[in-house]
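Everything on this sheet refers to the single structure shown next.
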Amino acid sequence: MQDHYSFQEGEMLLIDKPYGATSFAVVKHIRWHILNMLGIKKIKVGHAGTLDPLATGLLIVLTGKKTKEIEQFMGLDKVYTGSIKLGAITACYDREKPEENHCEVPAFTREDLEQIARQLTGEIEQFPPIFSALKVDGKKMYQQARDGSAPKEIKSRKVQIHSFELTDIDLPFIHFRIHCGKGTYIRSMAYDFGKLAGCGGYLYSLRRESIGSFSVDDAIMGIREEDFSFRESIFPATNPESQL
């Protein structure tokens, strides 16, 4: 940790987002502490790329004048690790909604599954999840889905998947490492993987390892008393991988 921060001039903070916290909550928590430390009433604080509540890992938070660079950081490649559970789907493509459409998982070989991963590598067409922060007609899709006004037609978009590595297979779970470009939804990757497998699938766990050259290994481990003189933490320390 460095000894002095110029939050108003602009700082980049590398945060290891805890499981269960929203990206908005992390930003709000940091802003509150900065305002209290500096004794000021207003400061710009934002993040460079949302992480879903059930995901952990690197969240880049920018303050002050540095917030003008948010789009630049959002355009960087990202690396994720995590797991897919085959044999069911969920409405939001991850564990926030209950499983449905259960299906027996075939006795896939590694080659079977690696062939599916290859189909999802390179430039691919991807549909974003209905439960996402993507805006349609000026309103976030997850807000539309919750009030029953979700758009009937969602447009696909091209995303770049540089690599899709299967790091371990323990059916119905598949563990992966994905290196991808801007705008990729890993939840959609999990859903598409399950669809190609013919038995359905959803994202069971996710961790963002890096954004560009910035690694989660260099991030603050959660938000604790010793970090920026914060006096308390509002985030749980639950580890989703322990539930596999």
Highest mean first, what order results for 68-78, 168-178 on Cβ atoms within 10 Å?
168-178, 68-78
Just rank K41, K28, fewest to most, by other beta-carbon atoms within 10 angstrom.
K41, K28
Using the Cα atoms of the range 37-140, I'd like the radius of gyration and the largest Cα-Cα distance, Dmax, both in angstrom.
18.9, 61
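Under the 0.36 nm per residue contour assumption, what length would be gained going from the current alpha-carbon distance of T67 and E9 to full extension?
On the way: separation 58, 0.36 × 58 = 20.88 nm, distance 1.00 nm.
Length difference between fully extended and current span is 19.9 nm.
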Expressed in nanometres to one decimal, the distance between label points 7 Å along Cα→Cβ at I169 and T121 is 1.4 nm
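Strictly over 19 Å apart at the Cα level, which of K78/K155; K28/K182; K17/K195; K42/K66; K17/K155 would you flag in this model?
On the way: K78/K155 23 Å; K28/K182 24 Å; K17/K195 30 Å; K42/K66 15 Å; K17/K155 30 Å.
Too far apart for the 19 Å limit: K78/K155; K28/K182; K17/K195; K17/K155.
Rule-based calculations on the coordinates, nothing more; no lab input. Here the structure is a predicted model, which is why all the values come from computation and not from measurement. Here Cβ is always computed from backbone atoms with ideal geometry, including for glycine, and neighbour counts include all displayed protein chains.
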